[in-house]
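The values are calculated or read from the model by the stated rules, or taken from the named source; none is laboratory data. What you see is a predicted model, and the numbers here were worked out from it, not measured in a lab. FYI the Cβ positions are ideal-geometry reconstructions off the backbone, even for glycines, and counts take in every protein chain you see.
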Amino acid sequence: MDSTFQERVYALVAQIPKGRVMTYGQIAALCGRPRAARIVGGIAHWGDPSLPWQRVVKKDGSLAEGFPGGTEGHAQVLRQEGVTVNKHYRIDIQELLWQPDRS
């Protein structure tokens, strides 16, 4: 794997504010590899556990099954941050999607 890409992913995920989310594909695109959403998912699964991976969701707002504790574990951590997660383990992506300032 491209370690520079992984470092960019880490740096971006570290910036996601509490109560907001980004998608795997959005992170991939902003880090220079727009077709690498699955690679971002792999980085999330195997990467630095100190980063706020709970703030990364699928493009439709659904939660990751691979999160520790599955979708329920993912939902619990997001709820602790004040995020509303529905009974289908989805969040309102339009309301919560964070766009970093790229200036």
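Numbers for the structure displayed
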{"quantity": "Residue list for region 7-39, filter: free of Cβ contacts under 8 Å to residues at least 60 places away in the same chain, within 19 Å of residue 94 (Cβ to Cβ) and not aromatic (Phe, Trp, Tyr)", "calculated": "25, 27, 29, 37"}
{"quantity": "Hits in region 43-73 - residues which are at pLDDT 95 or above, over 17 Å from residue 14 (Cα atoms) and under 11 Å from the mean Cα position of the chain (by Cα)", "calculated": "58, 59, 61, 62, 63"}
{"quantity": "Filter result for the condition that a residue is part of a helix (DSSP H, G or I), more than 18 Å from residue 10 (Cβ to Cβ) and at pLDDT 95 or above, over 38, 79", "calculated": "79"}
{"quantity": "Residue in region 43-74 that is surrounded by the most Cβ atoms within 10 Å (Cβ to Cβ), counting only those that are free of Cβ contacts under 8 Å to residues at least 12 places away in the same chain and assigned to a helix (DSSP H, G or I)", "calculated": "73"}
{"quantity": "Looking only at region 6-35, and only at residues there that are in a loop (DSSP other than H, G, I, E, B) and under 10 Å from the mean Cα position of the chain (by Cα), the one that is surrounded by the fewest Cβ atoms within 10 Å (Cβ to Cβ)", "calculated": "20"}
{"quantity": "Top-ranked residue of region 82-103 - restricted to ones that are in a loop (DSSP other than H, G, I, E, B) and among the basic types (Lys, Arg), ranked as nearest to residue 40 (Cα to Cα)", "calculated": "102"}
